[in-house]
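Notes follow the structure.
The values are calculated or read from the model by the stated rules, or taken from the named source; none is laboratory data. Just so it is clear, the structure is predicted and the values come from calculations on it, not from any experiment. Here the Cβ is made from the backbone with ideal geometry for all residues, glycine too, and neighbour counts use every protein chain on show.
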Amino acid sequence: MKRYASLAAGLLLLVVGSAARAEDAKPFITNKDVDLTMILPPPPANDSAETKAELGEVLTMQVTRTPEMEARAIADAEENVWRFADVMGPDFNKDKLPKFSAFFDRVVETEGAVVDPAKDVWKRSRPHQLSDLVKPVVKLSSSGSWPSGHATVGTMMGIILADMVPEKRAQIMARAAEFAHNRIVGGIHYPSDVEMGKISGSVIAAVLLNREDFKAEYEVARAELRSDLGM
């Protein structure tokens with residue numbers, strides 16, 4: 001939503017100015033380092049005009065989405081960097097990039113460590129919890145809807161990956177935006193959840209890129225990736 005654009009820009013300037021799903025993957029930071037409840041506004045109430053309007057948007061998407069869109073949304077329910085393979089090329093795969101893979105496992109774990117506590121505070125109901133008319137095509141979730149964790153991690157991954165391969169920045173960020181939007185296509189999030197996820201992902205990525213411990217692992221992962229891609 002356009003009204004959140006200035007908020008995102010301001011937060012990024014503030015953060016930059018300050019300092020696996022793998023079982024053993026550890027988050028780089030937690031909500032103690034980035035407290036989203038102190039950054040994002042609270043969600044609209046369930047009975048608010050805004051939520052009712054957004055519910056209408058979700059239902060409109062439900063009757064206009066194509067089978068191809070549904071398939072992409074279902075595939076993008078998987079939270080890992082390999083969903084960017086369609087823009088990164090055939091050499092972008094887990095088996096060839098073990099250090100890069102381990103690094104992004106930690107990036108994904110970081111999203112949960114920062115976002116989940118905020119979700120638990122706000123506890124915004126998801127569209128299908130407010131209306132039986134909503135029929136998600138992705139796995140149901142009962143966790144809080146605000147902000148979208150998928151939009152957060154997709155944005156984080158996109159920013160970090162684009163920083164490693166700036167030659168593909170436009171394609172990577174377009175893919176990150178699609179990854180986030182597919183939570184609306186899938187019927188599991190409101191548009192504002194996704195916008196808040198994009199802001200959250202941008203803030204978290206900016207914090208990470210300014211941390212020395214992150215930079216050390218980042219450089220190793222970046223070198224492996226660029227070597228594999230012949231860059």
Only residues in the range 136-152 that are at positive phi count as the first member; pair them with residues that are crowded, with 22+ Cβ neighbours inside 10 Å and of a type in the set (Ser, Thr, Tyr), Cβ under 9 angstrom, at least 6 apart or cross-chain, and list the lot.
none
Taking the range 153-172, which residues are within 19 Å of residue 78 (Cβ to Cβ) and out of contact with any Leu (no Cβ under 9 Å at 6 or more places or on another chain)?
153, 154, 155, 157, 158
Return only the number of the condition from (1) at pLDDT 95 or above; (2) over 13 Å from the mean Cα position of the chain (by Cα); (3) not charged (D, E, K, R) that residue 143 does not satisfy.
(1)
Those residues of the range 115-132 which are of a type outside the set (Asp, Glu) and either within 24 Å of residue 222 (Cα to Cα) or not in a helix (DSSP H, G or I) (or both), in sequence order
123, 124, 125, 126, 131
Is there any pair with a first residue in the range 69-86 that is among the aromatic types (Phe, Trp, Tyr) and a second that is surrounded by 18 or more Cβ atoms within 10 Å (Cβ to Cβ) whose Cβ atoms are under 8 Å apart and which are 6 or more apart or on different chains, and what are they?
82/92; 84/92; 84/157; 84/158; 84/161; 84/172; 84/175; 84/176
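Let's see how each residue does on (1) part of a helix (DSSP H, G or I); (2) of a type in the set (S, T, N, Q):
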{"residue": "29", "(1), (2)": "no, no"}
{"residue": "42", "(1), (2)": "no, no"}
{"residue": "55", "(1), (2)": "yes, no"}
{"residue": "60", "(1), (2)": "yes, yes"}
{"residue": "71", "(1), (2)": "yes, no"}
{"residue": "78", "(1), (2)": "no, no"}
{"residue": "82", "(1), (2)": "yes, no"}
{"residue": "86", "(1), (2)": "yes, no"}
{"residue": "92", "(1), (2)": "no, no"}
When you check residue 197 against the structure, is it in a helix (DSSP H, G or I), small (Gly, Ala, Ser) and touching a Pro at 6+ places or on another chain (Cβ under 7 Å), yes or no?
yes
In the range 51-104, anything modelled with pLDDT of 95 or more and of a type in the set (Lys, Arg) is listed as 52, 65, 72, 83, 99
Out of curiosity, is residue 122 modelled with pLDDT of 95 or more, surrounded by fewer than 19 Cβ atoms within 10 Å (Cβ to Cβ) and out of contact with any Cys (no Cβ under 8 Å at 6 or more places or on another chain)?
yes
Is it fair to say residue 201 is in contact with an Asp or Glu (Cβ under 8 Å, 6 or more places away or on another chain) and not hydrophobic (A, V, I, L, M, F, W, C)?
yes
Taking the range 44-53 as the region of interest, how many residues are under 16 Å from residue 144 (Cβ atoms) and part of a helix (DSSP H, G or I)?
1
Assuming residue 142 fulfils every condition listed in (1) surrounded by 12 or more Cβ atoms within 10 Å (Cβ to Cβ); (2) polar (S, T, N, Q); (3) closer than 30 Å to residue 208 by Cα apart from one, which condition is it?
(1)
Residue by residue through the range 1-40, note down the ones that are surrounded by 12 or more Cβ atoms within 10 Å (Cβ to Cβ) and modelled with pLDDT of 95 or more.
27, 28, 29, 30, 31, 33, 34, 35, 36, 37, 39, 40
Of everything in the range 67-112, what is among the aromatic types (Phe, Trp, Tyr) and either surrounded by fewer than 16 Cβ atoms within 10 Å (Cβ to Cβ) or under 18 Å from the mean Cα position of the chain (by Cα) (or both)? Give them in sequence order.
82, 84, 103, 104
Being in contact with a Lys or Arg (Cβ under 8 Å, 6 or more places away or on another chain) and either of a type in the set (Ser, Thr, Tyr) or part of a helix (DSSP H, G or I) (or both) is the requirement here; does residue 213 meet it?
no
I'd like to check something: does the range 180-192 contain any residue that is outside any helix (DSSP H, G or I) and of a type in the set (Phe, Trp, Tyr)?
yes
